[in-house]
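Peer 1: Got a structure here, written out as structure tokens. Questions coming.
The values are calculated or read from the model by the stated rules, or taken from the named source; none is laboratory data. Small disclaimer: the values here were computed from a predicted structure and weren't measured. Ideal geometry is used to build each Cβ from the backbone, glycine not excepted, and the neighbour counts take in all protein chains shown. Accessible surface is based on the protein model in full, side chains and every heavy atom, while ligands, DNA and RNA are left aside. Shrake-Rupley method; radii C 1.70, N 1.55, O 1.52, S 1.80 Å.
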Amino acid sequence: MTIGGTLLYTLGDELFSTASPNNLMSTTTDRLRNVSSVTSLLGDDFTGAYDLDSQLYARRFARKVMHTFVDDPRFPGQKRLVMQWYLRAPEHGIGKVQCEMVPRSLEEGRNGDLGEWKYARLSVECHLNDGRTHKVNVV
């Protein structure tokens, strides 16, 4: 019973929590569709992908976005969330997204709820089909 409850909690937290890395990836990908410097390079029909392997992309719901928690040097004992994934734009190329987030209340100097994140760094390295590469710093 305990194992089943723990499993259900973990799955529910990952699938339904707005603070889960997969949901943050989805939200950030949607945000990037409103950034003109990204859409001018990749168009607005790109999708988020965990990696560039097409077979793994097809099984995206079974995958997690590559992420890690690192110590925040400004706030000892607190963590930053660092994520990386790709944007797939078949007609234009690919974009490698690098995102670093901090708990929103840490920016205010308090111990925070890890459910509310703020972008500390967000960039997209666009590799276009014609061989050009551009880096877009969003935040």
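Peer 1: Please give every one of the lysines within straight-line cross-link reach of residue 96, meaning a C-alpha to C-alpha distance under 18 Å, and leave out same-chain neighbours fewer than 8 residues apart.
Peer 2: 64, 135
Peer 1: While we're looking at this one, here's another question. Just to verify a number: FRET efficiency for residue 129 and residue 64, C-beta to C-beta distance, R0 = 25 Å, to 0.05?
Peer 2: For residue 129 and residue 64, the calculated efficiency is 0.35.
Peer 1: Let me ask something else. Take the Cβ-Cβ distance between residue 45 and residue 137 as r, set R0 to 22 Å, and report the resulting FRET efficiency rounded to the nearest 0.05.
Peer 2: Working: r = 23 Å, r/R0 = 1.03.
The value I calculate is 0.45.
Peer 1: If DNA, RNA and ligands are ignored and the probe is 1.4 Å, what is the ranking of 125, 100, 116, 91 by accessible area, most exposed first?
Peer 2: 91, 116, 125, 100
Peer 1: Let me ask another. Quick one: if the Förster radius is 30 Å, what FRET efficiency do residue 31 and residue 78 give, using the C-beta to C-beta distance and rounding to 0.05?
Peer 2: Once rounded, the FRET efficiency stands at 0.80.
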